[in-house]
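Where a number appears in this text, it was derived from the coordinates with a stated rule and is not lab data. This structure is a prediction, so every number in the text was calculated from the model and none was measured. Please note: Cβ atoms are built from the backbone with ideal geometry, for glycine as well, and neighbour counts cover all protein chains shown.
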Amino acid sequence: MNNKIVVKVYPTKEEAAKEIAAEIAALIRARAAEGREAVLGLATGSTPVVLYKELIRLHKEEGLSFKNVTTFNLDEYYGLDGTHDQSYRYFMNSELFDHVDIDKEKTHVPDGTVPPDRVTEMCEKYDADIKAAGGIDIQILGIGRTGHIGFNEPPCGPETRTHQVKLNDLTIKDNARLFFHGKIEEVPTSAVTMGVGTILDSRKIVLLAWGEGKADIIYKSLMEPPTEKCPASWLQKHGNCVFAVDADAASKL
Ligand code: F6R
């Protein structure tokens, strides 16, 4: 069997978040003891909020410092700047960075405001910056109902690097339902995202999924052979990937 993904099913998302946050905290502390940076790959959307809450609790109640942490986010809407309340930069500041002692200069989110003729250059620099930081130690992912990771919509091969993408109609609909005050016309139609190849370069990958709405795509990502039709299925090729799911997201397995 070529599928190397480890599946961990938790009774609740809170329990999953607690265990993953503890693993991240251990990494941060081990690196701090060596005088080194911990490099985290982060996601936005509704799924990781519970994880960020637990990381904030660890900072406030258990003295976890983020001073030696560098972060790279997966993606950003094209056309939104960081002060827009639906931008992913704004989300990361308000859900995590503003509540811990991280140096914001070391938090990276793709720039959604560069002019069209500079997007490629910005994307190449993003990949180069990840390399220069020593690569991503732990990449956190959510998953879209289209099978997207980051904003890599199907069809998508395993080798793409950071690039601009058009968003899928289902993704635009899902995002309007959860964000953009429900207004579909306000959801940008494209985004800049780390590629699947960029994600696969991470030393460890943890994909989170909660709720019945993710059960079908979790099943497809794990049980069907890797295919361009389901970008998350390429994770089967990574040697150190965990799917941390709650009982509802695991219900079709
Ligand atoms: C966000 C991202 C997306 C989301 C996915 C799931 O940075 O990369 O792939 O993880 O759309 O979104 P939620 O968590 O809102 O269901």
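Table for the structure above
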quantity: Relative contact order (%) - criterion: Cα under 8 Å, at least six apart; region: the range 154-205; calculated: 48 percent
quantity: Spherically averaged projected area in nm², based on the convex hull that wraps the Cα atoms of the chain; calculated: 12.7 nm²
quantity: Mean residue ellipticity (222 nm) of the chain, computed from DSSP H runs ≥ 4 via -39,500 (n - 2.57), nearest 500; calculated: -10000 deg cm²/dmol
quantity: Between the range 58-107 and the range 160-233, the alpha-carbon center distance in angstrom; calculated: 20 Å
quantity: Karplus-derived HN-Hα couplings along the range 66-71 (A = 6.51, B = -1.76, C = 1.60, θ = phi - 60°), whole Hz, x at Gly and Pro; calculated: 9, 5, 9, 10, 10, 10
quantity: The range 192-253: relative contact order as a whole-number percent, Cα under 8 Å and 6+ apart; calculated: 47 percent
quantity: Cβ crowding within 10 Å averaged over residues, with 179-188, 122-131 ranked highest first; calculated: 122-131, 179-188
quantity: Proximal charge balance of Gly134 [Cβ under 13 Å; K/R count +1, D/E count -1]; calculated: 0
quantity: Violating pairs (Cα-Cα greater than 21 angstrom) within the set Lys4/Lys166; Lys106/Lys237; Lys173/Lys229; Lys13/Lys229; Lys53/Lys183; calculated: Lys4/Lys166; Lys106/Lys237; Lys13/Lys229; Lys53/Lys183
quantity: Charge context of Lys204, other residues only, Cβ under 10 angstrom, K/R +1, D/E -1; calculated: -1
quantity: Whole-number percent relative contact order across the chain, with pairs defined as alpha carbons under 8 Å at least 6 apart; calculated: 26 percent
quantity: Share of Cα-Cα pairs in the range 1-79 lying beyond 20 Å, as whole percent; calculated: 42 percent
